[in-house]
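Beneath this line is the structure, given in C-alpha coordinates, with notes to follow.
The values are calculated or read from the model by the stated rules, or taken from the named source; none is laboratory data. Bear in mind that the values here come from a model prediction, so they are computed numbers and not experimental data. Quick reminder, even Gly has a Cβ in these numbers, built from the backbone with ideal geometry, and neighbours come from all protein chains shown. Heads up: the accessible areas ignore ligands, DNA and RNA and are worked out on the full protein's heavy atoms, side chains in. Shrake-Rupley method; radii C 1.70, N 1.55, O 1.52, S 1.80 Å.
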Number of protein chains: 2
Amino acid sequence: MNAPAQIKKGRKFDQVIEGARTVFMREGYEGASVDEIARDAGVSKATLYSYFPDKQHLFLAVLQSECAQQAEVEFLMDAGDLSVEETLRVICTSLITFFLSTFGQDMFRVCVAEAQRFPELGRTFYDSGPKKWGRKIALYLDSPKARAVLEIEDTLLAADQLAQLCRADLMLKVLFGIEKDPPEAEIDRIASEAVKTFLARYRRR
Amino acid sequence: MNAPAQIKKGRKFDQVIEGARTVFMREGYEGASVDEIARDAGVSKATLYSYFPDKQHLFLAVLQSECAQQAEVEFLMDAGDLSVEETLRVICTSLITFFLSTFGQDMFRVCVAEAQRFPELGRTFYDSGPKKWGRKIALYLDSPKARAVLEIEDTLLAADQLAQLCRADLMLKVLFGIEKDPPEAEIDRIASEAVKTFLARYRRR
DNA sequence: CCGAAACTGAACCAATTGGTTTACATTATC
DNA sequence: GATAATGTAAACCAATTGGTTCAGTTTCGG
(Lines give C-alpha, C1' and ligand atoms only; values in the text may rest on other atoms or scores of the structure.)
Protein backbone atom coordinates (compact mmCIF):
# COMPACT_ATOMS: atom_id res chain seq x y z
CA MET A 1 0.00 0.00 0.00
CA ASN A 2 2.66 2.51 1.02
CA ALA A 3 6.05 2.88 -0.63
CA PRO A 4 8.59 1.62 1.93
CA ALA A 5 10.63 4.79 1.31
CA GLN A 6 13.64 2.83 0.04
CA ILE A 7 14.31 1.64 3.55
CA LYS A 8 14.60 -2.03 4.54
CA LYS A 9 15.87 -4.94 2.49
CA GLY A 10 17.39 -8.04 3.88
CA ARG A 11 17.16 -10.69 6.52
CA LYS A 12 19.06 -9.01 9.36
CA PHE A 13 16.74 -6.07 9.41
CA ASP A 14 15.16 -7.04 12.70
CA GLN A 15 18.54 -7.57 14.33
CA VAL A 16 19.49 -4.01 13.42
CA ILE A 17 16.28 -2.51 14.74
CA GLU A 18 16.61 -4.52 17.92
CA GLY A 19 20.21 -3.46 18.50
CA ALA A 20 19.37 0.14 17.77
CA ARG A 21 16.43 -0.03 20.13
CA THR A 22 18.60 -1.29 22.95
CA VAL A 23 21.33 1.28 22.52
CA PHE A 24 19.10 4.26 21.79
CA MET A 25 16.95 3.52 24.83
CA ARG A 26 20.01 3.20 27.03
CA GLU A 27 22.04 6.14 25.69
CA GLY A 28 19.64 8.52 24.00
CA TYR A 29 20.14 9.79 20.48
CA GLU A 30 23.39 11.72 20.82
CA GLY A 31 24.80 9.30 23.35
CA ALA A 32 24.42 6.32 21.04
CA SER A 33 27.17 5.69 18.49
CA VAL A 34 26.51 3.84 15.27
CA ASP A 35 29.48 1.57 15.89
CA GLU A 36 28.03 0.55 19.22
CA ILE A 37 24.68 -0.16 17.64
CA ALA A 38 26.24 -2.31 14.93
CA ARG A 39 28.28 -4.17 17.55
CA ASP A 40 25.25 -4.74 19.76
CA ALA A 41 23.18 -5.85 16.79
CA GLY A 42 25.87 -8.33 15.74
CA VAL A 43 26.01 -6.78 12.31
CA SER A 44 28.56 -4.89 10.26
CA LYS A 45 28.31 -1.15 9.93
CA ALA A 46 28.09 -1.53 6.16
CA THR A 47 25.01 -3.72 6.53
CA LEU A 48 23.43 -1.21 8.83
CA TYR A 49 24.05 1.59 6.36
CA SER A 50 22.63 -0.53 3.56
CA TYR A 51 19.32 -0.47 5.43
CA PHE A 52 19.22 3.14 6.57
CA PRO A 53 20.62 6.24 4.89
CA ASP A 54 21.78 7.75 8.18
CA LYS A 55 21.54 7.74 11.96
CA GLN A 56 18.45 9.94 12.05
CA HIS A 57 16.40 7.64 9.88
CA LEU A 58 17.45 4.65 11.94
CA PHE A 59 16.45 6.42 15.11
CA LEU A 60 13.09 7.46 13.75
CA ALA A 61 12.45 3.96 12.43
CA VAL A 62 13.06 2.53 15.89
CA LEU A 63 10.88 5.09 17.63
CA GLN A 64 8.16 4.71 15.05
CA SER A 65 8.12 0.97 15.57
CA GLU A 66 8.06 1.43 19.33
CA CYS A 67 5.21 3.89 19.08
CA ALA A 68 3.28 1.40 17.00
CA GLN A 69 3.90 -1.23 19.64
CA GLN A 70 2.87 1.20 22.32
CA ALA A 71 -0.36 1.88 20.49
CA GLU A 72 -1.14 -1.82 20.74
CA VAL A 73 -0.99 -1.85 24.51
CA GLU A 74 -4.30 -3.09 25.77
CA PHE A 75 -5.62 -2.48 29.19
CA LEU A 76 -8.37 -5.01 29.40
CA MET A 77 -11.55 -3.13 29.97
CA ASP A 78 -15.18 -3.89 29.61
CA ALA A 79 -14.15 -7.49 30.08
CA GLY A 80 -17.36 -9.30 30.80
CA ASP A 81 -19.62 -8.45 33.67
CA LEU A 82 -17.41 -6.31 35.86
CA SER A 83 -19.00 -3.41 37.67
CA VAL A 84 -17.99 0.07 36.61
CA GLU A 85 -15.87 0.47 39.72
CA GLU A 86 -14.14 -2.83 39.09
CA THR A 87 -13.52 -1.88 35.49
CA LEU A 88 -11.99 1.41 36.53
CA ARG A 89 -9.70 -0.44 38.91
CA VAL A 90 -8.58 -2.75 36.15
CA ILE A 91 -7.92 0.20 33.87
CA CYS A 92 -5.89 1.98 36.52
CA THR A 93 -3.87 -1.05 37.45
CA SER A 94 -2.89 -1.74 33.85
CA LEU A 95 -2.11 1.93 33.27
CA ILE A 96 0.15 2.13 36.29
CA THR A 97 1.83 -1.15 35.45
CA PHE A 98 2.59 0.18 32.00
CA PHE A 99 3.83 3.53 33.28
CA LEU A 100 6.30 1.77 35.54
CA SER A 101 7.37 -0.90 33.07
CA THR A 102 10.83 -0.73 31.56
CA PHE A 103 9.30 -0.23 28.17
CA GLY A 104 6.99 2.54 29.28
CA GLN A 105 9.73 4.33 31.16
CA ASP A 106 12.28 4.04 28.35
CA MET A 107 9.82 5.28 25.77
CA PHE A 108 8.80 8.21 27.88
CA ARG A 109 12.37 9.13 28.71
CA VAL A 110 13.78 9.16 25.20
CA CYS A 111 10.71 10.80 23.69
CA VAL A 112 10.80 13.58 26.27
CA ALA A 113 14.52 13.98 25.63
CA GLU A 114 14.34 14.08 21.84
CA ALA A 115 10.98 15.67 21.13
CA GLN A 116 12.79 19.00 20.67
CA ARG A 117 15.31 17.68 18.18
CA PHE A 118 12.66 15.67 16.31
CA PRO A 119 9.40 17.61 16.47
CA GLU A 120 7.33 15.03 14.64
CA LEU A 121 8.44 12.42 17.17
CA GLY A 122 6.66 14.29 19.95
CA ARG A 123 3.41 14.25 18.07
CA THR A 124 3.74 10.58 17.11
CA PHE A 125 4.43 9.54 20.68
CA TYR A 126 1.63 11.64 22.08
CA ASP A 127 -0.87 10.36 19.54
CA SER A 128 0.01 6.69 19.90
CA GLY A 129 0.22 6.90 23.69
CA PRO A 130 -1.59 9.37 25.92
CA LYS A 131 -4.04 10.53 23.29
CA LYS A 132 -5.03 7.04 22.22
CA TRP A 133 -5.55 5.80 25.76
CA GLY A 134 -7.43 8.93 26.67
CA ARG A 135 -9.77 8.37 23.75
CA LYS A 136 -10.27 4.77 24.72
CA ILE A 137 -11.02 5.52 28.33
CA ALA A 138 -13.34 8.33 27.32
CA LEU A 139 -15.12 5.90 25.05
CA TYR A 140 -15.80 3.65 27.99
CA LEU A 141 -16.92 6.57 30.14
CA ASP A 142 -19.39 7.41 27.39
CA SER A 143 -20.77 3.89 27.18
CA PRO A 144 -24.31 3.30 28.46
CA LYS A 145 -23.09 1.01 31.20
CA ALA A 146 -20.78 3.68 32.56
CA ARG A 147 -23.23 6.53 32.01
CA ALA A 148 -25.70 4.75 34.21
CA VAL A 149 -23.31 5.20 37.10
CA LEU A 150 -21.26 8.26 36.15
CA GLU A 151 -22.15 11.82 35.35
CA ILE A 152 -19.43 13.54 33.31
CA GLU A 153 -19.57 16.68 31.22
CA ASP A 154 -16.14 16.43 29.62
CA THR A 155 -15.26 12.77 29.33
CA LEU A 156 -11.94 13.42 27.61
CA LEU A 157 -10.74 15.58 30.46
CA ALA A 158 -12.09 13.11 33.01
CA ALA A 159 -10.20 10.33 31.29
CA ASP A 160 -7.01 12.35 31.44
CA GLN A 161 -7.55 13.15 35.09
CA LEU A 162 -7.90 9.45 35.78
CA ALA A 163 -4.69 8.71 33.94
CA GLN A 164 -2.89 11.47 35.81
CA LEU A 165 -4.14 10.17 39.14
CA CYS A 166 -2.52 6.88 38.19
CA ARG A 167 0.83 8.63 38.07
CA ALA A 168 0.60 9.76 41.65
CA ASP A 169 3.56 9.03 43.90
CA LEU A 170 5.15 6.19 41.93
CA MET A 171 5.65 7.54 38.41
CA LEU A 172 8.15 10.29 39.18
CA LYS A 173 9.87 8.23 41.85
CA VAL A 174 10.67 5.53 39.32
CA LEU A 175 11.47 8.00 36.56
CA PHE A 176 14.10 9.72 38.67
CA GLY A 177 15.48 6.57 40.19
CA ILE A 178 14.21 7.12 43.72
CA GLU A 179 12.41 3.80 43.64
CA LYS A 180 13.28 0.88 41.42
CA ASP A 181 10.52 -1.68 41.40
CA PRO A 182 7.44 -0.78 43.44
CA PRO A 183 5.71 -3.77 45.02
CA GLU A 184 2.36 -4.77 43.61
CA ALA A 185 0.67 -3.80 46.83
CA GLU A 186 1.78 -0.23 46.32
CA ILE A 187 0.49 -0.24 42.75
CA ASP A 188 -2.85 -1.54 43.95
CA ARG A 189 -3.01 1.17 46.56
CA ILE A 190 -2.37 3.97 44.07
CA ALA A 191 -4.92 2.47 41.69
CA SER A 192 -7.45 2.19 44.46
CA GLU A 193 -6.91 5.78 45.55
CA ALA A 194 -7.17 6.98 41.98
CA VAL A 195 -10.51 5.25 41.52
CA LYS A 196 -11.80 6.56 44.84
CA THR A 197 -10.97 10.14 43.93
CA PHE A 198 -12.33 9.74 40.45
CA LEU A 199 -15.62 8.26 41.65
CA ALA A 200 -15.99 10.87 44.35
CA ARG A 201 -16.07 13.47 41.63
CA TYR A 202 -17.96 11.72 38.86
CA ARG A 203 -20.27 9.21 40.50
CA ARG A 204 -23.91 9.99 39.78
CA ARG A 205 -25.68 11.42 42.82
CA MET B 1 31.30 26.50 55.88
CA ASN B 2 31.78 24.04 53.04
CA ALA B 3 34.93 23.56 51.02
CA PRO B 4 34.18 24.96 47.53
CA ALA B 5 35.63 21.76 46.05
CA GLN B 6 38.31 23.70 44.09
CA ILE B 7 35.63 24.87 41.68
CA LYS B 8 35.00 28.54 40.92
CA LYS B 9 37.43 31.45 40.95
CA GLY B 10 37.05 34.58 38.89
CA ARG B 11 34.69 37.23 37.67
CA LYS B 12 33.26 35.52 34.58
CA PHE B 13 31.98 32.60 36.55
CA ASP B 14 28.36 33.61 36.16
CA GLN B 15 28.76 34.11 32.43
CA VAL B 16 30.02 30.56 32.11
CA ILE B 17 27.18 29.09 34.13
CA GLU B 18 24.66 31.10 32.18
CA GLY B 19 26.06 30.04 28.82
CA ALA B 20 26.21 26.45 29.92
CA ARG B 21 22.65 26.66 31.17
CA THR B 22 21.43 27.93 27.82
CA VAL B 23 23.22 25.34 25.74
CA PHE B 24 22.63 22.36 28.02
CA MET B 25 18.93 23.13 28.24
CA ARG B 26 18.67 23.45 24.48
CA GLU B 27 20.84 20.50 23.46
CA GLY B 28 20.99 18.11 26.37
CA TYR B 29 24.23 16.80 27.82
CA GLU B 30 25.65 14.86 24.89
CA GLY B 31 24.29 17.30 22.35
CA ALA B 32 26.05 20.27 23.92
CA SER B 33 29.66 20.87 22.91
CA VAL B 34 32.06 22.69 25.18
CA ASP B 35 33.14 24.96 22.33
CA GLU B 36 29.57 26.02 21.80
CA ILE B 37 29.13 26.73 25.49
CA ALA B 38 32.29 28.84 25.59
CA ARG B 39 31.15 30.71 22.49
CA ASP B 40 27.69 31.32 23.86
CA ALA B 41 29.12 32.42 27.20
CA GLY B 42 31.47 34.85 25.47
CA VAL B 43 34.44 33.26 27.18
CA SER B 44 37.50 31.34 26.07
CA LYS B 45 37.62 27.61 26.49
CA ALA B 46 40.72 28.02 28.64
CA THR B 47 38.78 30.19 31.06
CA LEU B 48 35.98 27.70 31.19
CA TYR B 49 38.38 24.88 31.97
CA SER B 50 39.99 26.98 34.66
CA TYR B 51 36.69 26.94 36.48
CA PHE B 52 35.64 23.35 35.97
CA PRO B 53 37.76 20.24 35.66
CA ASP B 54 35.56 18.76 32.94
CA LYS B 55 32.22 18.80 31.14
CA GLN B 56 30.49 16.62 33.71
CA HIS B 57 31.27 18.90 36.61
CA LEU B 58 30.12 21.92 34.62
CA PHE B 59 26.88 20.17 33.80
CA LEU B 60 26.26 19.14 37.37
CA ALA B 61 27.06 22.65 38.62
CA VAL B 62 24.46 24.08 36.26
CA LEU B 63 21.81 21.56 37.16
CA GLN B 64 22.54 21.92 40.84
CA SER B 65 22.08 25.66 40.61
CA GLU B 66 18.87 25.21 38.65
CA CYS B 67 17.54 22.73 41.18
CA ALA B 68 18.25 25.22 43.94
CA GLN B 69 16.33 27.83 42.01
CA GLN B 70 13.53 25.37 41.44
CA ALA B 71 13.35 24.75 45.14
CA GLU B 72 12.73 28.46 45.66
CA VAL B 73 9.60 28.49 43.52
CA GLU B 74 6.81 29.78 45.67
CA PHE B 75 3.20 29.21 44.98
CA LEU B 76 1.61 31.72 47.24
CA MET B 77 -0.56 29.87 49.63
CA ASP B 78 -2.16 30.63 52.89
CA ALA B 79 -1.95 34.27 51.79
CA GLY B 80 -4.28 36.06 54.10
CA ASP B 81 -7.92 35.24 54.51
CA LEU B 82 -8.63 33.10 51.48
CA SER B 83 -11.03 30.22 51.87
CA VAL B 84 -9.63 26.72 51.59
CA GLU B 85 -11.15 26.32 48.16
CA GLU B 86 -9.68 29.61 47.01
CA THR B 87 -6.30 28.65 48.40
CA LEU B 88 -6.38 25.35 46.56
CA ARG B 89 -7.16 27.20 43.34
CA VAL B 90 -4.22 29.51 43.84
CA ILE B 91 -1.95 26.55 44.51
CA CYS B 92 -3.13 24.78 41.38
CA THR B 93 -2.83 27.82 39.17
CA SER B 94 0.74 28.48 40.25
CA LEU B 95 1.62 24.81 39.92
CA ILE B 96 0.26 24.62 36.38
CA THR B 97 1.88 27.89 35.40
CA PHE B 98 5.20 26.55 36.61
CA PHE B 99 4.76 23.19 34.88
CA LEU B 100 4.16 24.97 31.59
CA SER B 101 6.85 27.63 31.98
CA THR B 102 9.96 27.46 29.86
CA PHE B 103 12.03 26.93 32.97
CA GLY B 104 9.84 24.19 34.32
CA GLN B 105 9.68 22.38 31.00
CA ASP B 106 13.42 22.65 30.34
CA MET B 107 14.30 21.41 33.79
CA PHE B 108 11.94 18.49 33.53
CA ARG B 109 13.13 17.57 30.07
CA VAL B 110 16.85 17.53 30.73
CA CYS B 111 16.50 15.89 34.14
CA VAL B 112 14.35 13.12 32.71
CA ALA B 113 16.86 12.71 29.89
CA GLU B 114 19.97 12.56 32.05
CA ALA B 115 18.77 10.99 35.28
CA GLN B 116 20.12 7.67 34.00
CA ARG B 117 23.58 8.98 33.18
CA PHE B 118 23.74 11.03 36.42
CA PRO B 119 21.86 9.09 39.07
CA GLU B 120 22.36 11.68 41.81
CA LEU B 121 20.82 14.29 39.53
CA GLY B 122 17.51 12.44 39.53
CA ARG B 123 17.38 12.48 43.30
CA THR B 124 18.39 16.15 43.54
CA PHE B 125 15.74 17.18 41.05
CA TYR B 126 13.06 15.11 42.69
CA ASP B 127 13.88 16.38 46.15
CA SER B 128 14.06 20.04 45.21
CA GLY B 129 10.94 19.86 43.04
CA PRO B 130 8.10 17.39 43.38
CA LYS B 131 9.02 16.25 46.86
CA LYS B 132 9.44 19.72 48.28
CA TRP B 133 6.17 21.00 46.84
CA GLY B 134 4.37 17.86 47.92
CA ARG B 135 5.61 18.39 51.46
CA LYS B 136 4.54 22.00 51.38
CA ILE B 137 1.07 21.26 50.10
CA ALA B 138 0.70 18.45 52.59
CA LEU B 139 1.69 20.87 55.32
CA TYR B 140 -1.16 23.12 54.33
CA LEU B 141 -3.58 20.23 54.13
CA ASP B 142 -2.58 19.38 57.69
CA SER B 143 -3.13 22.90 58.95
CA PRO B 144 -6.09 23.50 61.29
CA LYS B 145 -7.75 25.80 58.79
CA ALA B 146 -7.67 23.12 56.12
CA ARG B 147 -8.51 20.29 58.49
CA ALA B 148 -11.70 22.08 59.40
CA VAL B 149 -12.87 21.63 55.84
CA LEU B 150 -11.01 18.57 54.61
CA GLU B 151 -10.80 14.99 55.78
CA ILE B 152 -7.67 13.27 54.60
CA GLU B 153 -5.97 10.13 55.83
CA ASP B 154 -2.78 10.36 53.76
CA THR B 155 -2.05 14.02 53.16
CA LEU B 156 1.19 13.36 51.25
CA LEU B 157 -0.62 11.20 48.75
CA ALA B 158 -3.48 13.67 48.53
CA ALA B 159 -1.01 16.46 47.81
CA ASP B 160 0.54 14.41 45.06
CA GLN B 161 -2.84 13.62 43.59
CA LEU B 162 -3.60 17.32 43.49
CA ALA B 163 -0.33 18.05 41.74
CA GLN B 164 -0.97 15.28 39.24
CA LEU B 165 -4.46 16.59 38.53
CA CYS B 166 -2.78 19.88 37.65
CA ARG B 167 -0.90 18.10 34.88
CA ALA B 168 -4.08 16.99 33.17
CA ASP B 169 -4.41 17.72 29.48
CA LEU B 170 -1.88 20.56 29.16
CA MET B 171 1.37 19.19 30.61
CA LEU B 172 2.03 16.44 28.09
CA LYS B 173 0.69 18.50 25.21
CA VAL B 174 3.25 21.21 25.86
CA LEU B 175 6.01 18.73 26.67
CA PHE B 176 5.61 17.00 23.33
CA GLY B 177 5.07 20.15 21.33
CA ILE B 178 1.40 19.62 20.54
CA GLU B 179 0.52 22.95 22.10
CA LYS B 180 2.88 25.86 22.54
CA ASP B 181 1.43 28.41 24.90
CA PRO B 182 -1.93 27.53 26.40
CA PRO B 183 -4.18 30.51 27.04
CA GLU B 184 -4.74 31.53 30.63
CA ALA B 185 -8.38 30.57 30.34
CA GLU B 186 -7.37 26.98 29.68
CA ILE B 187 -5.03 27.00 32.67
CA ASP B 188 -7.81 28.30 34.87
CA ARG B 189 -10.10 25.62 33.62
CA ILE B 190 -7.68 22.80 34.41
CA ALA B 191 -7.00 24.31 37.81
CA SER B 192 -10.69 24.60 38.50
CA GLU B 193 -11.35 21.02 37.47
CA ALA B 194 -8.45 19.80 39.59
CA VAL B 195 -9.84 21.54 42.67
CA LYS B 196 -13.33 20.23 41.99
CA THR B 197 -12.13 16.66 41.76
CA PHE B 198 -9.91 17.06 44.79
CA LEU B 199 -12.66 18.55 46.92
CA ALA B 200 -15.17 15.96 45.80
CA ARG B 201 -12.91 13.36 47.31
CA TYR B 202 -11.57 15.08 50.39
CA ARG B 203 -14.17 17.62 51.47
CA ARG B 204 -15.48 16.85 54.93
CA ARG B 205 -19.01 15.48 54.84
C1' DC C 1 51.35 52.75 38.21
C1' DC C 2 53.03 48.37 39.21
C1' DG C 3 52.49 43.53 39.71
C1' DA C 4 49.65 39.70 39.96
C1' DA C 5 45.59 37.43 38.81
C1' DA C 6 42.23 36.63 35.32
C1' DC C 7 41.37 36.09 30.67
C1' DT C 8 42.20 35.38 25.63
C1' DG C 9 42.94 33.16 21.03
C1' DA C 10 44.68 29.88 18.64
C1' DA C 11 47.25 26.04 18.03
C1' DC C 12 47.44 21.49 19.32
C1' DC C 13 46.28 16.56 20.91
C1' DA C 14 44.42 11.86 20.70
C1' DA C 15 40.11 9.79 20.29
C1' DT C 16 35.72 9.30 18.36
C1' DT C 17 32.11 10.59 15.39
C1' DG C 18 28.94 9.50 11.17
C1' DG C 19 29.55 7.71 6.90
C1' DT C 20 31.93 5.26 2.60
C1' DT C 21 34.40 1.89 0.17
C1' DT C 22 36.74 -2.23 -1.05
C1' DA C 23 37.85 -7.02 -1.48
C1' DC C 24 36.12 -11.10 0.24
C1' DA C 25 32.57 -14.47 2.39
C1' DT C 26 28.03 -16.39 3.15
C1' DT C 27 23.56 -17.32 1.78
C1' DA C 28 19.84 -18.58 -0.73
C1' DT C 29 17.37 -19.92 -5.06
C1' DC C 30 16.60 -22.05 -9.31
C1' DG D 1 26.51 -25.88 -8.69
C1' DA D 2 26.21 -21.41 -10.82
C1' DT D 3 24.45 -16.90 -9.84
C1' DA D 4 23.05 -12.98 -7.65
C1' DA D 5 21.72 -11.03 -3.46
C1' DT D 6 23.29 -10.10 1.34
C1' DG D 7 26.56 -9.98 4.33
C1' DT D 8 31.32 -9.08 6.45
C1' DA D 9 35.63 -6.94 8.35
C1' DA D 10 38.66 -3.45 8.14
C1' DA D 11 40.68 0.38 6.31
C1' DC D 12 39.66 4.92 5.44
C1' DC D 13 37.63 9.77 5.42
C1' DA D 14 36.97 14.54 7.09
C1' DA D 15 34.98 16.68 10.92
C1' DT D 16 34.29 17.22 15.65
C1' DT D 17 34.87 15.94 20.30
C1' DG D 18 36.75 16.96 25.22
C1' DG D 19 40.69 18.69 26.97
C1' DT D 20 45.58 21.14 27.30
C1' DT D 21 49.11 24.54 26.59
C1' DC D 22 51.12 28.92 26.07
C1' DA D 23 52.52 33.53 24.80
C1' DG D 24 50.29 37.54 25.17
C1' DT D 25 46.35 40.97 26.99
C1' DT D 26 43.21 42.84 29.96
C1' DT D 27 41.72 43.88 34.44
C1' DC D 28 42.10 45.47 38.97
C1' DG D 29 43.56 46.00 43.90
C1' DG D 30 47.07 48.33 46.62
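Which chymotrypsin sites (Phe, Trp or Tyr not before Pro) from region A:138-205 combine a DSSP loop assignment with at most 11 other Cβ atoms within 10 Å?
Counting only loop positions with at most 11 other Cβ atoms within 10 Å, none of the chymotrypsin sites (Phe, Trp or Tyr not before Pro) in region A:138-205 qualifies.
Give the Debye-formula value of log10 I(q)/I(0) at each listed q (0.06, 0.08, 0.10, 0.12 Å⁻¹), with one equal scatterer per alpha carbon of the protein assembly as shown, two decimals each.
Calculated log10 I(q)/I(0) at the listed q: -0.28, -0.49, -0.76, -1.04.
Can you spot the lysines whose alpha carbon is less than 21 Å from A:Lys180's alpha carbon? Ignore those fewer than 8 places along the same chain.
Hits, sequence-local ones excluded: B:Lys131, B:Lys132.
Per residue of region B:192-205, what does 6.51 cos²θ - 1.76 cosθ + 1.60 with θ = phi - 60° give for ³J(HN,Hα)? Whole Hz please, x for Gly and Pro, Karplus curve as stated.
With coefficients 6.51, -1.76 and 1.60, one gets 4, 5, 4, 4, 4, 5, 4, 5, 4, 7, 10, 5, 5, 10 Hz.
Could you pull the copy-to-copy label distances for B:Glu153, with points set 7 Å along Cα to Cβ, in nm to one decimal and sorted shortest first?
Its label point is 3.1 nm from the equivalent points in the other copies.
Over region A:90-175, with the other protein chains present, what is the accessible area per residue in square angstrom, probe 1.4 angstrom? The partial results should precede the final answer.
Values: 3090 Å² over 86 residues.
For region A:90-175, the solvent-accessible area averages 36 Å² per residue.
Give me the percent of the accessible area of region A:13-66 that comes from carbon and sulfur atoms, probe 1.4 Å, all protein chains in place.
On the way: 1100 of 2350 Å².
Whole-percent figure for carbon plus sulfur exposure: 47.
Using a 1.4 angstrom probe on protein heavy atoms only, which residues from region A:141-188 are buried by at least 40 Å² of accessible area when all chains are present rather than their own chain alone?
So the qualifying set is A:Leu157, A:Gln161, A:Gln164, A:Leu165, A:Ala168, A:Leu172, A:Phe176, A:Ile178.
Can you give the angle from 0 to 90° between the axis of helix B:102-114 and the longest principal axis of chain B, with both taken from C-alpha atoms, to the nearest 10?
The helix B:102-114 is inclined about 70 degrees to chain B.
For a quick check: with amide H placed at 1.01 Å from N, whose amide H comes under 5 Å from A:Leu150's, ignoring anything fewer than 5 positions away on the same chain?
Amide H neighbours of A:Leu150, under 5 Å, 5+ apart: A:Arg204.
Whose amide H sits under 5 Å from the amide H of B:Glu179, counting only residues 5 or more places off or on another chain, with H placed in the peptide plane?
B:Val174
Provide the per-residue ³J(HN,Hα) series for region B:115-125, in order, calculated from phi with Karplus coefficients 6.51, -1.76, 1.60 and θ = phi - 60°, each as a whole number of Hz, with x at glycine and proline positions.
Taking θ as phi minus 60°, the curve returns 4, 6, 5, 10, x, 5, 4, x, 4, 4, 4 Hz for region B:115-125.
Which residues of region B:90-128 end up with at least 30 Å² less accessible area in the presence of all protein chains than when their chain stands alone, using a 1.4 Å probe?
Those are B:Phe108, B:Arg109, B:Val112, B:Ala113, B:Gln116, B:Arg117, B:Arg123, B:Tyr126, which lose 30 Å² or more relative to the chain on its own.
Do any GluC sites (Glu not before Pro) in region B:28-94 lie in a DSSP loop with no more than 11 other beta carbon atoms within 10 Å, and if so, which?
Loop-located and lightly packed - B:Glu72, B:Glu74.
Could you tell me how many degrees, from 0 to 90 and to the nearest 10, lie between the Cα long axis of helix A:55-71 and the main elongation axis, the longest principal axis, of the Cα atoms of chain A?
That helix lies at roughly 30 degrees to the long axis.
Once you sort the root eigenvalues of the Cα gyration tensor of region B:87-205 as a ≥ b ≥ c, which label holds: rounded (a/c under 1.5), prolate (a/b larger than b/c) or oblate (the other case)?
Note, shape of region B:87-205 comes out oblate.
By how many nm would the segment from B:Asp127 to B:Glu179 lengthen if fully extended, with 0.36 nm per residue of separation less the alpha-carbon distance?
Working: separation 52, 0.36 × 52 = 18.72 nm, distance 2.83 nm.
Stretched out fully, the B:Asp127 to B:Glu179 stretch lengthens by 15.9 nm.
Quick check: at a probe of 1.4 Å, how many percent of the accessible area of region B:138-202 sits on carbon and sulfur atoms?
Reported share for carbon and sulfur atoms: 53 percent.
Put a dot 7 Å past each Cα toward the Cβ at B:Ala200 and A:Asp35; how far apart are the dots in nm?
5.8 nm
Helix B:84-100 versus the longest principal axis of chain B: what angle, 0 to 90°, nearest 10, using Cα atoms?
For helix B:84-100, the angle is close to 30 degrees.
Which of the lysines could a cross-linker bridge to B:Lys12, judged by Cα under 28 Å and excluding same-chain residues fewer than eight apart?
Correct list for B:Lys12: B:Lys45, B:Lys55.
Could you run the Karplus curve 6.51 cos²θ - 1.76 cosθ + 1.60 with θ = phi - 60° over region A:164-170 and give me ³J(HN,Hα) per residue in whole Hz, x for Gly and Pro?
In residue order, the calculated couplings are 5, 4, 5, 8, 4, 6, 6 Hz.
Enter the buried accessible area of the A/B pair, total of both sides, probe 1.4 Å, in Å² rounded to the nearest 100.
For chain A against chain B, roughly 3800 Å² becomes buried.
Can you list the copy-to-copy distances for A:Asp181, using a point 7 angstrom from Cα toward Cβ, in nanometres, shortest first?
4.7
Can you give the FRET efficiency for B:Ala148 and A:Asp188, using 1/(1 + (r/R0)^6), R0 = 22 Å, r = Cβ-Cβ distance, to the nearest 0.05?
0.10
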